[in-house]
1. With the structure loaded, tell me whether Ile4 is modelled with pLDDT of 75 or more, more than 17 Å from Leu79 (Cα to Cα) and open to solvent by less than 70 Å² (accessible area, probe 1.4 Å) or whether it fails that test.
2. Given the conditions (1) surrounded by 15 or more Cβ atoms within 10 Å (Cβ to Cβ); (2) at pLDDT below 95; (3) more than 15 Å from Leu102 (Cα to Cα); (4) under 19 Å from the mean Cα position of the chain (by Cα), and given that Ala13 satisfies all but one, which numbered condition is not satisfied?
3. Check whether at least one residue in the range 160-171 is open to solvent by less than 20 Å² (accessible area, probe 1.4 Å), in a helix (DSSP H, G or I), more than 19 Å from Ala87 (Cα to Cα) and in contact (Cβ under 8 Å) with a residue 12 or more places away in the chain, and report yes or no.
4. Suppose we filter the range 172-184 for residues that are of a type in the set (A, V, I, L, M) and open to solvent by 60 Å² or more (accessible area, probe 1.4 Å); how many remain?
5. Can you work out which of the residues in the range 135-147 that are surrounded by 19 or more Cβ atoms within 10 Å (Cβ to Cβ) and without any contact (Cβ under 8 Å) to a residue 40 or more places away in the chain is farthest from Val110 (Cα to Cα)?
6. Residue check: is Gln55 over 30 Å from His153 (Cβ atoms) and touching a Gly at 6+ places or on another chain (Cβ under 7 Å)?
7. Go through (1) surrounded by 13 or more Cβ atoms within 10 Å (Cβ to Cβ); (2) among the aliphatic types (A, V, I, L, M); (3) in contact with a helix residue (DSSP H, G or I) (Cβ under 8 Å, 6 or more places away or on another chain) one by one and return the number of the condition Leu45 breaks.
8. Among the residues of the range 61-110, write down those that are modelled with pLDDT under 90, touching a helix residue (DSSP H, G or I) at 6+ places or on another chain (Cβ under 9 Å) and exposed (fewer than 14 other Cβ atoms within 10 Å of the Cβ).
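The values are calculated or read from the model by the stated rules, or taken from the named source; none is laboratory data. Here the structure is a predicted model, which is why all the values come from computation and not from measurement. Ideal geometry is used to build each Cβ from the backbone, glycine not excepted, and the neighbour counts take in all protein chains shown. To get the accessible areas, we keep the full protein, side chains included, count just its heavy atoms, and leave off ligands, DNA and RNA. Shrake-Rupley method; radii C 1.70, N 1.55, O 1.52, S 1.80 Å.
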Amino acid sequence: GTVIPPDVFIPMAETSDAINVLGEWVLRRACETAARWMREGIADLPVAVNLSARQLDDPGLARMVLGILAETGLPAANLKLELTETALFEHTDSSREVLMQLRGAGVRLVLDDFGTGYSSLALLRRVPVEALKIDKHFTQAMVDDRDAAAIVHAIIDLAHALDMQVIAEGVETNDQLLFLRAYRCDRIQGYLLAKPLPEDEIPTFIQQRAEPPTGG
């Protein structure tokens, strides 16, 4: 059949309650898989799951998330929920209490695609977010574009001033990595590390990277 990419079907799902059903299914599947890898000794790593704007509107969100963690046996600290900048600041009043409940239970919160929406720095201080993810458009432009480089540098400095970590998205080249190291970025994600992998190939990938190099 035809493969429909997420940037097509997710906006369609968000126009109805289908996104809540889909989001719950994805969260449960991700937590089940991460918990199984822990039990089997494959990996003890956090798993990141995106939340939609409609899910932030659901007053039962915290109950649902914590219920899935209890059901699957995944520690709360091993779950990262990623929220887009626009979704978070459009729903600050209704979502802050829910997010505080989740953070209080140990779930980790990350602000995704930072720089593409709009945010108030005053509100940014009020939400329990532990990390910002710099949108890939800035990461991929910064080597050749001084303005993009300045924005990336400023976001990293801002996050660190607020005791947040920074994750750069879309890192594909060693030049981009060198810039990010110079700017003291905490973590990266992107094709420089790996392309998206099928679930059954991830354990081997993790084990290979965890093994020390051999030879003289």
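1. Here the answer is no, as Ile4 does not meet what is asked.
2. (4)
3. no
4. Taking the range 172-184 and keeping what is of a type in the set (A, V, I, L, M), we get 177-178, 180, 182.
In the following step, the residues that additionally are open to solvent by 60 Å² or more (accessible area, probe 1.4 Å) were identified as 178, 182.
The number of residues fulfilling the criteria is 2.
5. Result: Met142.
6. Values: over 30 Å from His153 (Cβ atoms): yes; touching a Gly at 6+ places or on another chain (Cβ under 7 Å): yes.
Judged against the criteria, Gln55 is a match.
7. (1)
8. Those that are modelled with pLDDT under 90, touching a helix residue (DSSP H, G or I) at 6+ places or on another chain (Cβ under 9 Å) and exposed (fewer than 14 other Cβ atoms within 10 Å of the Cβ): Ser94, Glu97.
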